[in-house]
1. Run the simple label-point estimate for residue 95 and residue 46 please: 7 Å along Cα→C-beta, distance reported in nm.
2. Any idea what angle helix 84-99 forms with the longest principal axis of the chain, computed on alpha-carbon atoms, 0 to 90 degrees, nearest 10?
3. Grab the beta carbon distance between residue 28 and residue 119, set R0 = 25 Å, and tell me the FRET efficiency rounded to 0.05.
4. Sorting check: for 110-118, 37-45, which peptide has the highest mean count of neighbouring beta carbons within 10 Å, and how do the rest follow?
5. Using only the alpha-carbon atoms, how far is helix 103-116 inclined from the longest principal axis of the chain? Give it as 0 to 90 degrees, nearest 10.
6. Here are several values of percent of Cα pairs over 19 Å apart: (1) 50; (2) 44; (3) 55. Which one was derived from the coordinates shown?
7. Simple spin-label model, 7 Å along Cα-to-Cβ: residue 4 to residue 53 in nm?
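Please treat every number below as a calculation from the coordinates, not as lab data. Everything numeric here is computed off the predicted structure, so don't read it as measured data. Cβ placement follows ideal geometry from the backbone for every residue including glycine, while neighbour counts extend to all protein chains displayed.
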């Protein structure tokens, strides 16, 4: 496995942690849950258009991921176990979803959200 494949796998895993924790599930069969969503976005971002036929353009994939991330953030913001300061930080991160224009920016939101929701596990 080359370095970019390993990085893509890590990002996919973090995306899944973010989604699974929000929805309190480990079921990847539900729409938007699988790490391949962000991995496919990264591939297209890096010029590999082999998946575009099935998954849509970069813009379409980006919008789909943002949609699912918003749903996950709504779940987080409704959780009682998250401290108020962390909820405020999550609200700010949620606002950043719409402004994101790359997988790296989305991953920054995902990674920070994972840190802020550690106590939910």
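1. Using points 7 Å along Cα→Cβ, the separation is 3.4 nm.
2. The answer is roughly 30 degrees.
3. Details: r = 24 Å, r/R0 = 0.96.
Calculated value: 0.55.
4. On the way: 110-118: 17.1, 37-45: 21.4.
The most tightly packed comes first, giving 37-45, 110-118.
5. The angle comes out at about 30 degrees.
6. Looking at percent of Cα pairs over 19 Å apart for this model, the match is (2).
7. 2.1
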